[in-house]
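Here the structure comes first, spelled out in structure tokens, and everything after it is commentary.
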Amino acid sequence: MSRIKIIPLQFAGVEVLEQMLPLISARFKIETLVSTHRMDLTPFFNPVRSQYNANDIIQKMVPLVDEGDKIVGVTDLDLFIPVLSYIFGQAYLGGSVALVSGHRLVNARYGLADDPKLFSERLLKCIIHELGHAFGLKHCLLPGCVMVSTTYVEEMDQKSDQFCRSCKIQLK
Ligand SMILES: [Zn+2]
Ligand SMILES: [Zn+2]
């Protein structure tokens, strides 16, 4: 029986993740749980960039996957991949592992008032987007679809946490 496992990796809001489980489970029609796996991300810190290397973390997560499962690491730490200054998340198309960072989803990062509800909406969109990739979906151009590629948090706020009709069909 396949499952989605969410792994908090130096992420403070585990209860935020727990609240999302029914939503994620319903979206992918697969059991979803928060895993008790833990991993130290210290070795992935790049002192020059003051960020953590997402590709290396994903590589390290691969052995944690049980056959047929998808796992999503969620962290508060700032992630990068070598070609980009930062990323909200990363997953390999059709792979088993996804990684999401809440670091740049917090309003305080942009000098705005704290908004826990908005943070959790953004985080949910990131998790569903990266899981979408893990389930084989590419980026979508239809405005509003969760699979639209986003570089800035404002763009994140313009899309929904839902798959468009075409992405939904492909997901099946
Ligand atoms: Zn993407
Ligand atoms: Zn779509």
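The values are calculated or read from the model by the stated rules, or taken from the named source; none is laboratory data. Quick caveat, the model's predicted, so the values are computed rather than measured. Cβ coordinates were reconstructed from backbone atoms using ideal geometry, including for glycine residues, and neighbour counts include every protein chain displayed. In case anyone asks, the SASA skips ligands and DNA or RNA and just uses the protein heavy atoms, side chains included. Shrake-Rupley method; radii C 1.70, N 1.55, O 1.52, S 1.80 Å.
With a 1.4 Å probe and every protein chain kept in, tell me what percent of the accessible surface of the chain is carbon plus sulfur. Carbon and sulfur together cover 55 percent of it. Taking a ≥ b ≥ c as the square roots of the eigenvalues of the Cα gyration tensor of region 19-114, is the shape rounded (a/c under 1.5), prolate (a/b larger than b/c) or oblate? Oblate, since a/c reaches 1.5 and b/c is not below a/b. Apply the a/c threshold of 1.5 to the C-alpha gyration tensor of region 67-119 and tell me whether it is rounded, prolate or oblate. Oblate shape, in that a/c is at least 1.5 and b/c is the bigger or equal ratio. Solvent exposure of the chain, expressed per residue, is 51 Å² of accessible area, with all protein chains present and a 1.4 angstrom probe. With both labels modelled 7 Å from their Cα along Cα-to-Cβ, the Asp76 to Tyr152 distance reads 2.7 nm.
For the peptides 37-44, 25-32, residues were scored by their other Cβ atoms within 10 Å and the scores averaged per peptide; the highest-first order is 25-32, 37-44.
Checking Cβ-Cβ separations below 4.7 Å across the chain identifies Cys126, Cys167 as cysteines lacking any candidate disulfide partner.
When you restrict to C-alpha pairs under 8 Å that are six or more residues apart and normalise by the size of the chain, the relative contact order lands at 18 percent.
Sorted largest first by accessible area at a 1.4 angstrom probe radius, with every protein chain in place, the residues Asp66, Asp114 fall in the order Asp114, Asp66. Remark: the Leu21-Asn55 segment gains 9.7 nm on full extension, using 0.36 nm per residue and subtracting the alpha carbon distance.
Does the chain come out rounded, prolate or oblate, given a ≥ b ≥ c as the square roots of the eigenvalues of its C-alpha gyration tensor, rounded meaning a/c under 1.5 and, failing that, prolate meaning a/b above b/c? It comes out rounded by the Cα gyration axes. Taking 0.36 nm per residue of separation and subtracting the Cα-Cα distance, full extension of the segment from Val62 to Ala12 would add 15.7 nm. Within region 3-138, antiparallel bridges make up roughly 25 percent of the DSSP beta bridges whose residues both belong there.
I want to check the label-to-label distance for Ala108 and Leu93. Put each point 7 Å from Cα in the C-beta direction and report it in nm to one decimal. Simple spin-label model gives 3.8 nm for this pair. The spacing between region 123-172 and region 16-45, judged by their C-alpha centroids, is 18 Å.
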